[in-house]
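**Student:** First, the structure itself, so that you have it in front of you.
The values are calculated or read from the model by the stated rules, or taken from the named source; none is laboratory data. Here the structure is a predicted model, which is why all the values come from computation and not from measurement. Quick reminder, even Gly has a Cβ in these numbers, built from the backbone with ideal geometry, and neighbours come from all protein chains shown. Heads up: the accessible areas ignore ligands, DNA and RNA and are worked out on the full protein's heavy atoms, side chains in. Shrake-Rupley method; radii C 1.70, N 1.55, O 1.52, S 1.80 Å.
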Amino acid sequence: MSRVGLEGQVAVVTGAARGVGELLARKLSARGATVALVGLEEEALKEVSGRLHGDSAHWYADVTDHDAMSRVAREVKERFGKTDIVVANAGVANGGPFAESDPEAWRRVIEVNLIGSAVTARAFLPVLTESRGYLLQIASLAAITPAPMMTAYCASKAGVEAYAHSLRAEVGHQGVRVGVGYLSWTDTDMVRGADQDEVMRELRQRLPWPANKTYPLGPAVDRIVAGIERRSAHVYGQRWLRGMQGVRGYLPALIGTVGQREMKRFAPRLQGMRTGLVGAGGAADEEARATHRH
């Protein structure tokens with residue numbers, strides 16, 4: 001598939017304060033794109049924006065807030081004249097047994113990862129239609145395979161995958177391309193935060209290769225950039241994920257059997273697990289909501 005040069009393109013990246021979003025913003029900027037950064041960590045966004053190569057700006061907004069995201073979409077167009085690319089990357093995670101999970105944190109994972117992605121698309125679709133642009137929805141290996149102790153995250157990522165596939169069919173005739181990006185465990189604050197829990201870390205290490213590894217961020221983001229340049233329907237942060245598509249129909253039964261055995265093994269150690277949002281991004285989300293409530 002032919003590549004679209006990024007020089008002069010305007011790209012919006014949500015969850016841009018750290019991790020995948022931050023590095024993606026830097027790499028898009030290095031290739032000549034003007035970048036609009038969106039997230040909940042205003043100072044961090046300002047720092048990222050200040051380090052970019054070309055023109056950029058940042059917006060503080062909660063992706064689950066329709067009014068806020070509509071304002072961002074309007075202001076990005078006013079500032080830069082158009083929007084060519086939107087990467088719905090903002091996401092949070094929690095872990096632990098569903099029955100003992102914090103209901104508010106569980107719901108928030110769904111709200112940010114699924115509802116927030118839909119709110120982002122709804123806000124930016126009008127300008128993407130004008131530019132015949134590209135929406136990349138960041139999903140996960142968790143969209144392809146279920147995993148115990150990750151009910152909210154798997155549900156949210158399976159949800160955004162299905163939603164984005166449905167949306168692709170709706171807007172393709174208007175010239176808007178929609179892609180889904182898949183990442184395995186990648187070296188970000190979110191994954192490091194999850195690994196701080198001994199049980200979650202050990203469970204992950206017991207996964208079959210190659211799903212038991214943490215992969216470097218740089219090569220994964222390079223593949224995302226290449227997918228954006230190609231306006232790809234599917235983008236794989238790790239090459240082996242493409243092969244998972246062919247066997248995904250067998251995975252629920254396999255995980256159901258193997259997972260039961262693993263959960264029985266770990267059952268005595270599950271008491272008292274932290275069930276809130278993980279990592280620095282999760283902490284920022286919790287802080288922003290607490291501030292808003294007060």
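**Student:** Residue check: is Val92 modelled with pLDDT of 95 or more, in a loop (DSSP other than H, G, I, E, B), under 26 Å from Gln205 (Cα atoms) and touching a helix residue (DSSP H, G or I) at 6+ places or on another chain (Cβ under 7 Å)?
**Tutor:** Against the criterion (modelled with pLDDT of 95 or more, in a loop (DSSP other than H, G, I, E, B), under 26 Å from Gln205 (Cα atoms) and touching a helix residue (DSSP H, G or I) at 6+ places or on another chain (Cβ under 7 Å)), Val92 qualifies.
**Student:** On to the next question. Restricting to segment 1-37, and then to whatever is free of Cβ contacts under 8 Å to residues at least 60 places away in the same chain and open to solvent by less than 30 Å² (accessible area, probe 1.4 Å), can you tell me which residue is farthest from Gly281 (Cα to Cα)?
**Tutor:** Filtering first and then ranking leaves Gly32.
**Student:** May I pose another question? Consider Ile224 against the criteria (1) assigned to a helix (DSSP H, G or I); (2) crowded, with 18+ Cβ neighbours inside 10 Å; (3) without any contact (Cβ under 8 Å) to a residue 60 or more places away in the chain: it satisfies all of them except one. Which criterion is unmet?
**Tutor:** (3)
**Student:** Here's a follow-up. Pick from segment 256-294 the residues that are farther than 23 Å from Gly15 by Cα and in contact with a Leu (Cβ under 9 Å, 6 or more places away or on another chain): which of them is least open to solvent (accessible area, probe 1.4 Å)?
**Tutor:** Phe266
**Student:** Would you mind stating whether Val109 is out of contact with any helix residue (DSSP H, G or I) (no Cβ under 6 Å at 6 or more places or on another chain) and crowded, with 19+ Cβ neighbours inside 10 Å?
**Tutor:** no
**Student:** Among the candidates Gly116, Gly133, Gly95, which residue alone is crowded, with 23+ Cβ neighbours inside 10 Å and out of contact with any strand residue (DSSP E or B) (no Cβ under 9 Å at 6 or more places or on another chain)?
**Tutor:** Gly95
**Student:** Tell me, which residue of segment 50-70 that is without any contact (Cβ under 8 Å) to a residue 24 or more places away in the chain and in contact with a strand residue (DSSP E or B) (Cβ under 8 Å, 6 or more places away or on another chain) is surrounded by the most Cβ atoms within 10 Å (Cβ to Cβ)?
**Tutor:** Among them, the one singled out is Ala61.
**Student:** Suppose the filter is touching a residue at least 40 places away in the same chain (Cβ under 8 Å) and touching a helix residue (DSSP H, G or I) at 6+ places or on another chain (Cβ under 7 Å); does Gly237 pass it?
**Tutor:** Yes: the conditions hold for Gly237.
**Student:** How many of the residues making up segment 150-192 are in contact with a Pro (Cβ under 9 Å, 6 or more places away or on another chain) and not aliphatic (A, V, I, L, M)?
**Tutor:** Matching residues across segment 150-192 total 5.
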